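What follows is a short report on a single structure.
The values are calculated or read from the model by the stated rules, or taken from the named source; none is laboratory data. All of these numbers come straight from a predicted model, not from anything done at the bench. Using ideal geometry, Cβ is built from the backbone for each residue, glycine included, and neighbour counts are taken over all protein chains shown. Accessible surface is based on the protein model in full, side chains and every heavy atom, while ligands, DNA and RNA are left aside. Shrake-Rupley method; radii C 1.70, N 1.55, O 1.52, S 1.80 Å.
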Amino acid sequence: MSTILPERYKKSLCYMTFSRTSMWSVVRSMKSFHTLHEGCAMLTRLPGTQDFLDLVLYNRLLEQIRTHFMRAGFHEIATPIIEPTELFQRSLGTETDVITKELYYVISRHTPPEEQYKLCLRPEATAATMRAYLNNTIVAHPWSVFTIGPMFRHERHQKGRYRQFHQANIELVNTSSITQDARLIMLLDRFFTVTLGLRAYALLINFMGCHADREKFIEQLRPFIEKHKEKLCESCIRRSQTNILRIFDCKEQACRDLYATAPHITDHLCAQCTHEWSHLQTTLEQLGVTYSHQPLLVRGLDYYEKTVFEFVSTNLGAQNTFCGGGRYSRIASELGAAQDVPAVGAALGIERLLMLIEELGAQANAQPPLYLIVPLSREQHIVALHLADLLNEHGYTAEPLLEEGSLKNMLRLANKRGAHTCLLIGSEEQESKTVLIKRMLTGAEQRVAQAEVVAYLKT
Ligand code: HAM
């Protein structure tokens, strides 16, 4: 970007890049750069990406996730955003859409042509969490961790589906206990209901059996597909050859109607898996977690076996899954470990959760009330700065309004900013060391000594 910037703007761009300035001020600075350069094409963000212009709700959600899972014994980790492509090819399967169509590759000036596809931006966090488990000497058993951050998939973008999106990814690594699956599902369900207050959602569950069950089931499915081949859509015909279980993800009604009559994987489980599937259901019932068994639920990534689940909401439109996960064990050996490592995990889609929370009207609650200190002329600026400083020190969100203008204009500006209370200081207030406190909603006013402002606001 700096290469297209004239010299005199490079300095300010560096400031924007390296200072700890807020997202909002970056956007504002970019705007002023654009308006200064008439005749130069307006730069816009990439399709499928977003500017977050207010992170209050976003940060609050992340804090709630952290608190909830840390209380349950999980700890936060971070893995790189850039990883070897092979990490995902080996663990997600080479036939999944994420690998065949959606990876973002990373090259630098030093990348030789034959290595152009060797590095990528992570499309998900499970494979990297398992890599981190294998690369480091982890003794915890299970290793209960979560990571929060951006993921990248070159998908057809639409509401709720982005090319850069965020996940909170939770994993319990090195546990074969199916009770842990029920526990993780319960923790997620409690988070959505109790912490976030979500109501209009459903938990869909399926059990895909162990690797051998899955392979056996595929053999059972093939004759069924062969028999009804002419009724399948093009994409299902292709999938039936490359990744047959993914046919169940098809959105075409004719295919869905047909698959309703297809064999169910839960009817073809080995003895141990039958027992585990039954244990999972009973445990969820005993924990008071409401779920619906969806025999066609297979999930889009190839590593799953046994438990798979999704939390879906009708309030989200077409992209209705806001959390998905399941059990897996073979990622470790695919990555080169001597043995499989059983694990279970899930990822929460932050953007989709934010859409659900916003619908509940949480936006208004998330914003702390804003106190604006309004000096009526430049002579009162220093008092205003002191008062804002004092209020910030006592935990109030307070800011001086340092624009110059008539009282009417200043109050109009304060209204636009959504101020909860204005503290007005004119020459009279300056002299008598008072401030006029104006409640913006009711219009009620009260003159208070500057030294007693905090005590007054507290009451
Ligand atoms: P996933 O189903 O691919 O699973 O993604 C999990 C969640 O991330 C989705 O339910 C959705 O809310 C969100 N998500 C996925 N793609 C997008 C997108 N393009 N735009 C917005 N949100 C999106 C996984 O990623 C697994 N690694 C989950 C897991 C963890 N399984 C075991 N452990």
Length released on extending from Met70 to Thr397, taking residue separation times 0.36 nm less the Cα-Cα span: 114.9 nm
Exposure ranking of Ile350, Ile77 by accessible area [1.4 Å probe, largest first]: Ile77, Ile350
Rounded to 10°, Cα long-axis angle of helix 23-36 versus longest principal axis of the chain: 70 degrees
Extreme residue, positive dipole direction of the chain, given options Ile107, Thr129, Val173 (C-beta unit charges): Ile107
Size of electric dipole in the chain: Cβ of Lys, Arg +1 and of Asp, Glu -1, about Cα centre, debye, nearest 20: 620 debye
Translational diffusion of the chain, µm² s⁻¹ [Kirkwood Rh, Cα pairs; Stokes-Einstein; 25 °C; 0.890 mPa s]: 94 µm²/s
Cα centroid separation - the range 83-161 against the range 286-344, whole Å: 17 Å
Semi-axis lengths (Å, descending) of the ellipsoid that matches the C-alpha gyration tensor of the range 288-367: 31, 16, 11
Spatial extent of the range 308-424: Rg and Dmax, with the Cα atoms as the point set, Å: 25.2, 75
Separation in nanometres of the label points that stand 7 Å from Cα toward Cβ, at Arg45 and His228: 4.2 nm
Antiparallel DSSP beta bridges within the chain, percent to nearest 5: 80 percent
Mean separation of Cα contacts under 8 Å (6+ apart) over length of the chain, as relative contact order %: 14 percent
Nearest-ten-degree value, helix 56-71 long axis tilted from longest Cα axis of the chain: 50 degrees
Where the Cα pairs of the range 144-208 fall when distances are cut into 5 Å bins, in %: 4, 12, 16, 19, 22, 20, 7, 1
For q = 0.12, 0.18, 0.29 Å⁻¹, Debye-computed log10 I/I(0) when each Cα of the range 130-182 counts as one equal scatterer: -0.43, -0.75, -1.11
